[in-house]
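The values are calculated or read from the model by the stated rules, or taken from the named source; none is laboratory data. The structure displayed is predicted, hence computed values, not measured ones. Heads up, the Cβs are rebuilt from the backbone with ideal geometry, glycines too, and the neighbour counts pull from every protein chain shown. Side chains included, ligands, DNA and RNA excluded: accessible areas come from the protein's heavy atoms. Shrake-Rupley method; radii C 1.70, N 1.55, O 1.52, S 1.80 Å.
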Amino acid sequence: MTRTNLGMPSFPPFPEAAGEAVRDEVLRANLRRATHTIRDKRARAVTELADWDRLRAAGKAVKDHTLRHLDHYLLQLEASVTAAGGTVHWAADADEANRIVTGLVLATGEREVVKVKSMATQEIGLNEALEAAGIAAYETDLAELIVQLGHDRPSHILVPAIHRNRDEIRDIFRSEMASWGRPAPEDLGDDPRELAEAARLHLREKFLRAKVAVSGANFMVAETGTMVVLESEGNGRMCLTLPETLISVVGIEKVVPAFRDLEVFLQTLPRSSTAERMNPYTTMWTGTTDGDGPSAFHLVLLDNGRTDTLADETGRQALRCIRCSACLNVCPVYERAGGHAYGSVYPGPIGAILSPQLRGTGSDIDATLPYASTLCGACYEVCPVAIDIPEVLVHLRERVVQGGPATRAGVRVRLRPAHGHTAERAAMRAARLLLDHPGALRTAERLLARARRLRPRRLPGPGRAWTDTRALPDIPAEPFRDWWLRERGNRH
């Protein structure tokens, strides 16, 4: 099976990429302003619901149930979509998905498509595959349009151009719009209303001309074959209704059993992502209908490492993700490093656990992503489907350091420990040996207390990097257990 593509070029390890990002003062200011604004609005929106905790638990339960019976619901979905007039295609990896979509577009005789914002198509690098086949793909989401015109990469799940400010967007529109279609006004300013109007006029001609659209989906309903897309601008509604052919590329984990399950997610997703009580544009379609909407509908069900992730009892909870981006907006690491440092279309805390599972931990970037966290737990607290991201991060760190069993390409394998962790493994083995022998631990604590005046200011060797940014704690005059026995040992 081919290597999983997550829509990014080769990337350096996270510490290197993040180190470069944190030196960009403009980037940090853009991120700080945007993430603080979004998370403050979200917090207010969530507190309006007295049953938020129950909604969160219900969303988790629906997702866990679906993942346990994923084979059943995917087959039910295929039958429902087919009965409604659609065609279902199964793609094991990125290359197969790209071949399917490219072939479907070429079969229409068209050479351009309009696209709804879709992380799945970014994950597989669909735009690049279409371009190689002579097909132009036009992003219609405002933020995605900014990224595309700027020859850039998305850096946030909800707001892909979060790293850009208004001046930068104005300059991109002025210099690039003409080469993609209708040019921006010569006197375009940086007022958000002017920028939105320039994008609206630029995109309108593409909506009215395009015969083929490509989308993702937030949810797929197994019992009815219904696709659901949530968006805030109305561009999705245009893409999903005007073209003659609609191709949706969706990860297999996006299925839910029944239409009634949407009640939970249509409350939690808008509040967690855009802090809105109700999503502005929620578009649903089921197969095809004569005289209404596209006359041909194709659903490409994408695996691309998801089945491997499902085989991991701890890591599979990452597949509950509904792509709300709440975890990014509260993460102190993301706020300072930005999304590009994660080397994946999935940035932030969720990307730190999802990308290494979809791609494996063999590359430098994927072996370092589980360490892109302070383990503060803020991401878990805001997750609307209760993904315990810190738990999965620790689980993946153990996999990187120790190796061990994992599933890759559907085959159970035993991973070797990653390079560069020899000292860490030795330290963990020594700690385990010491903690398994209380007498030895007690002796070591007493010896350490007596030698406390010899405490160095910095650790030697591999520990030097740790003490470059931290002070070693003072060593107490006596071990805690000795103090306890002396002070309270005779009390009952």
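Using the 2.2 N^0.38 Å rule of thumb for compact globular proteins, work out how region 310-392 stacks up: its C-alpha Rg over that value, please.
Details: Rg = 11.5 Å, N = 83, 2.2 N^0.38 = 11.8 Å.
Here the answer is 0.97, to two decimals.
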Fill in the blank from the handout: Quick numbers on region 428-471, Rg and Dmax over C-alpha atoms in Å, give 12.9, 34
Exercise for the section: Between Ala84 and Ala431, with labels modelled 7 Å along Cα→Cβ, what's the label distance in nm to one decimal, could you check? Expected result: 5.1
Handout entry: log₁₀ of I(q)/I(0) at q = 0.12, 0.17, 0.29 Å⁻¹ - region 402-458, Debye sum with one point per alpha carbon
Key = -0.52, -0.77, -1.06
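Once the piece of chain linking Glu186 and Thr288 is laid out straight, how much longer is it, given 0.36 nm per residue of separation minus the C-alpha distance between them?
Details: separation 102, 0.36 × 102 = 36.72 nm, distance 4.23 nm.
Using 0.36 nm per residue and subtracting the Cα-Cα distance, I get 32.5 nm.
Calculate the dipole size of region 1-118 relative to its Cα centre from +1 charges on Lys and Arg beta carbons and -1 charges on Asp and Glu beta carbons; express the result in debye to the nearest 20.
So the magnitude is around 560 debye.
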Handout entry: Dipole moment magnitude, nearest 20 debye, the chain about Cα centre, only Lys, Arg, Asp, Glu C-beta charged
Key = 2600
Problem - Size of electric dipole in region 277-374: Cβ of Lys, Arg +1 and of Asp, Glu -1, about Cα centre, debye, nearest 20 - result: 300
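How large is the helix-only mean residue ellipticity at 222 nm for the chain, computed as the sum of -39500 (n - 2.57) over DSSP H runs with n ≥ 4, divided by its residue count, in deg cm²/dmol to the nearest 500? Numbers along the way, then the final one.
Working: 23 runs with 242 residues, N = 492.
That comes out to -14500 deg cm²/dmol.
For the chain, the longest stretch holding no GluC sites (Glu not before Pro) located in a DSSP loop with at most 11 other Cβ atoms within 10 Å is which?
On the way: sites that count: Glu48, Glu186, Glu313.
So the longest stretch without any such site is 314-492.
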Exercise for the section: Enumerate the amide H contacts of Ile162 below 5 Å, restricted to partners 5 or more residues apart or on another chain; note that Pro and chain-start residues carry no placed amide H. Expected result: Ser155, His156
Fill in the blank from the handout: Within the chain, cysteines having no neighbouring cysteine beta carbon under 4.7 Å are Cys239, Cys321, Cys324, Cys331, Cys376, Cys383
Completion exercise
In vacuo Debye sum over C-alpha of region 381-492, base-10 log of normalised intensity I(q)/I(0) at q = 0.13, 0.24 Å⁻¹, listed in q order, is -0.84, -1.31
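Go through region 45-130 and name the trypsin sites (Lys or Arg not before Pro) that are in a DSSP coil and have 15 or fewer other Cβ atoms within 10 Å of their Cβ.
Details: sites: Arg54, Arg56, Lys60, Lys63, Arg68, Arg99, Arg111, Lys115, Lys117; in loops: Arg111, Lys117.
In loop regions of region 45-130 (DSSP not H, G, I, E or B), the sparsely surrounded trypsin sites (Lys or Arg not before Pro) are Arg111.
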Practice task
Could you go through region 132-147 in sequence order and give the Karplus-derived ³J(HN,Hα) for each residue, using 6.51 cos²θ - 1.76 cosθ + 1.60 with θ = phi - 60°, rounded to whole Hz, and x for Gly and Pro?
Solution key: 5, 8, x, 10, 8, 10, 10, 6, 10, 5, 4, 5, 5, 4, 4, 4
Completion exercise
Computed over the chain, the convex hull of the Cα set has an average projected area, in nm², of 27.7
Problem - Debye intensity ratio in log₁₀ form over the Cα atoms of region 1-133, taken at each q of 0.09, 0.16, 0.17 Å⁻¹ - result: -0.53, -1.17, -1.17
Handout entry: HN-Hα J in Hz across region 257-274 - Karplus 6.51, -1.76, 1.60, θ = phi - 60°, x for Gly and Pro
Key = x, 9, 4, 5, 5, 5, 4, 5, 6, 6, 9, 7, 5, x, 5, 6, 9, 9
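Kindly report the accessible area of the chain per residue (heavy atoms of protein chains, probe 1.4 Å, no ligands, DNA or RNA), in Å². Can you show the working numbers first?
Numbers: 23590 Å² over 492 residues.
Value for the chain: 48 Å² per residue.
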Completion exercise
Between the alpha carbon centres of region 363-442 and region 255-329 the gap in Å comes to 29
Practice task
Compute the semi-axes of the equivalent ellipsoid of region 172-215, taking the square root of 5 times each eigenvalue of the Cα gyration tensor, and list them largest first in whole Å.
Solution key: 21, 11, 8
Completion exercise
Rounded to a whole %, the carbon-and-sulfur portion of the accessible area of the chain at a 1.4 Å probe is 52
Handout entry: Cα-based Rg of region 243-402 normalised by 2.2 N^0.38 Å, two decimals
Key = 1.15
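Taking 51 Å as R0, compute the FRET efficiency from the Cβ-Cβ separation of Ala133 and Thr467 and round it to 0.05. All intermediate terms of the calculation are to be shown ahead of the outcome.
Numbers: r = 53 Å, r/R0 = 1.05.
Plugging the Cβ-Cβ distance into 1/(1 + (r/R0)^6) gives 0.45.
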Fill in the blank from the handout: Over all viewing directions the Cα convex hull of region 371-431 casts an average projected area in nm² of 5.7
